[in-house]
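Structure, as C-alpha cells:
The values are calculated or read from the model by the stated rules, or taken from the named source; none is laboratory data. Quick caveat, the model's predicted, so the values are computed rather than measured. Here the Cβ is made from the backbone with ideal geometry for all residues, glycine too, and neighbour counts use every protein chain on show. Quick note on the areas: whole protein, heavy atoms, side chains included, nothing else; ligands and nucleic acids left out. Shrake-Rupley method; radii C 1.70, N 1.55, O 1.52, S 1.80 Å.
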Amino acid sequence: MTEIHAHVVTTALLRKGFVKIEASHHTMFWLVSAGRRRGIRTRLSHGQRKVDDSLLSDIARELHLSKRDLLRFIQCEISYDDYVELLVRRGQLRP
C-alpha cells in the first residue's frame, strides 16, 4: 500500500502549474495553462498529513492520469510541459 506525505503531493502540484486555493474544508489545486485556470482540479483536506492509496487513486482520476503516472508526476519524472501535452493528446485540454 502506497502512502505519501501530503506536503510532497502539494509541492509537486504547485511545481507543475497548479495554483492553490484555500476553501472552507479543503485546499483546492487548479491547473493553470496559457495564463488561464483550467477545469482540471483536485483537492486535499485541511490538516491532511498523509495521502493513502485510495486518495492517490482519486487524485489520479481527477488529474486524468493513471496511478502509476501520478506517482511519476509526483516524483518529477513528468514535467509540466509533458503533462499538458499528455492532456492535449487525450482530449482533456485544449491548447
Length added when fully stretched, D53-L71, from 0.36 nm per residue minus Cα-Cα: 5.4 nm
The chain, relative contact order in percent, only Cα pairs under 8 angstrom and at least six apart counted: 26
Rounded if a/c under 1.5, otherwise prolate or oblate - the range 16-88, Cα gyration tensor axes: oblate
Listed residues V32, L56, F18: farthest to the positive end of the dipole of the chain (Cβ charges): V32
Vicinal HN-Hα couplings computed from phi for the range 21-37 (Karplus, 6.51 cos²θ - 1.76 cosθ + 1.60; Hz; Gly/Pro x): 10, 7, 10, 5, 10, 9, 9, 9, 10, 10, 6, 10, 9, 6, x, 10, 6
3J(HN,Hα) from dihedral phi, the range 84-94, Karplus parametrisation 6.51/-1.76/1.60, rounded to Hz, x for glycine, proline: 4, 4, 4, 5, 5, 4, 7, x, 8, 8, 8
Gain upon complete extension [R89, T2; 0.36 nm per residue less C-alpha separation]: 28.5 nm
Ranked order, T11, T42 - accessible area, probe 1.4 Å, largest first: T11, T42
Candidate lysines - alpha carbon under 17 Å from K67, same-chain residues fewer than 8 apart omitted: K16, K50
